[in-house]
Every structure is written in structure tokens, then in C-alpha cells.
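A short worksheet on the structure shown next.
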Amino acid sequence: MLTQQGKRENILTAYLNLLVHQGIRAATLEAVSSACQLSKAGVLHHFSSMGALRQAIFIELEAQAAEDANRMLADLPNAANYYLVSSLSRDSLLERLIEAVHRLAQTGDEAALELLRVCRKGWYEALLLALGDAALAKLVLFAGDGINHNVLLSVDETSETFLDASTATDMLGLVERLRETAEPRA
């Protein structure tokens, strides 16, 4: 759930959906106003500019990512499992926010790039605390990102069997075997 409520939430959701489903070029003031059934002036009443909308998306991602990392920190024994299993979702609010900010980052938006780095740092630090090994923490981080990327290949594909819930379990089993044999490195 977005931290914004009412019309601001509707406007942000419209902007988010446009970024994710159609890309940054489609996410215009006109398209946002049409998607949320407000006039351009109505959108600008709640967000003074497209830059303000962009900043609101950044705030939402920062809040969602911090909550996600805190969830991992609150249950360190299950943090790696949580990260891998949650990577199977492409439709969660967090994943949609990441994708939207990633699209902004692809245009050279330094603030978007920095925010994505901050998010990655939070997840990595939680995984490092959970696993006690920098290489394993990065392995789980990269595996989760790879799972999430590959889930995209399964969207709208009912016969797709390459990736399912057992994939995360299998990967976690490999991480645990590596953890048992590895010497801790920080």
C-alpha cells in the first residue's frame, strides 16, 4: 500500500503503472491525468510538476524497501529465504516501484540510480548479517535479482515450468551447503 492516500494515491498509482507498463516516454502529464480521470490542473494541484511525481515515487520506493529490509532484519534466520521467495513476485508494489525507478535510472537519472543503490545496500546488509559471509550475501542478492528477472519471462505464460516456488528452495539449499563449507568473509 502506498503511503499516500486519496487522490494523491490514485495519481501516483497512475504514474507508476504508466512507467512500468508503457515506459517513461508514455508517462506524461496528459497520460497521468487521463489514467486517473483528473484534469491536468487537478494532477498539478496535488503534485506541482512531473518532477514532484517522480520524487513521490522515490519516497514510496525508499519506504517500501526500508520496510522490506527491516522485515529481513527482524527474522535473520529466514532472511535469505524471504529474499529469494519474494523475488518470485513481479506484481508486488515493491517490485513495481523498483521497476519504475529502474526505468527512470535508465535515462541517466542520477537520483534514481542512487536510490536503487541505497535499496540494494539495505538488502545486502540484512543478508550479510543473516549469512555472515559477504560472498554468500551477494550470491543470494544476485540470485534473487536473477529470479525476479526470469519471472518476467513467465508472465502470461501458463506452460512455463522453468521457474516456480521450488526454485527458491533449491537455491537456498545450495546457499546452505556453501555456507557449511565456506570460511566466513566480510
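The values are calculated or read from the model by the stated rules, or taken from the named source; none is laboratory data. What you see is a predicted model; the values in this text were computed from it and never measured. Using ideal geometry, Cβ is built from the backbone for each residue, glycine included, and neighbour counts are taken over all protein chains shown.
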Task: Qualifying residue in the stretch 56-69 (condition: over 22 Å from residue 104 (Cα atoms), part of a helix (DSSP H, G or I) and in contact (Cβ under 8 Å) with a residue 40 or more places away in the chain) - done: yes
Task: Answer residue from the stretch 59-78, given it is surrounded by 20 or more Cβ atoms within 10 Å (Cβ to Cβ) and out of contact with any Phe, Trp or Tyr (no Cβ under 9 Å at 6 or more places or on another chain) and is farthest from residue 130 (Cα to Cα) among those - done: 60
Task: Among residues of the stretch 1-31, those that are of a type in the set (A, V, I, L, M), in contact (Cβ under 8 Å) with a residue 12 or more places away in the chain and over 15 Å from residue 55 (Cα atoms), counted - done: 4
- [ ] For residue 82, work out the one condition from (1) without any contact (Cβ under 8 Å) to a residue 12 or more places away in the chain; (2) over 22 Å from residue 171 (Cα atoms); (3) part of a helix (DSSP H, G or I) it doesn't fulfil.
- [x] (2)
Task: Filter pass, residue 88 being of a type in the set (A, V, I, L, M, F, W, C), within 21 Å of residue 20 (Cβ to Cβ) and part of a helix (DSSP H, G or I) - done: no
- [ ] Consider only pairs whose beta carbons are under 8 Å apart and that are at least six residues apart or on different chains; among these, list those whose first residue lies in the stretch 89-115 and is among the basic types (Lys, Arg) and whose second residue is part of a loop (DSSP other than H, G, I, E, B).
- [x] 90/155; 103/23
Open item on the list: Out of everything in the stretch 81-109 that is under 10 Å from the mean Cα position of the chain (by Cα) and of a type in the set (Lys, Arg), what residue ends up being modelled with the highest pLDDT?
Closed with: 96
- [ ] Considering each of 143, 135, 112 in turn, give the residue that is part of a helix (DSSP H, G or I) and more than 15 Å from the chain's Cα centre (by Cα).
- [x] 135
Task: Boolean, residue 116 is in contact with a His (Cβ under 9 Å, 6 or more places away or on another chain) and closer than 19 Å to residue 19 by Cβ - done: yes
Open item on the list: For the structure I just gave you, tell me whether residue 133 is of a type in the set (Asp, Glu) and either modelled with pLDDT of 95 or more or farther than 20 Å from residue 27 by Cα (or both).
Closed with: yes
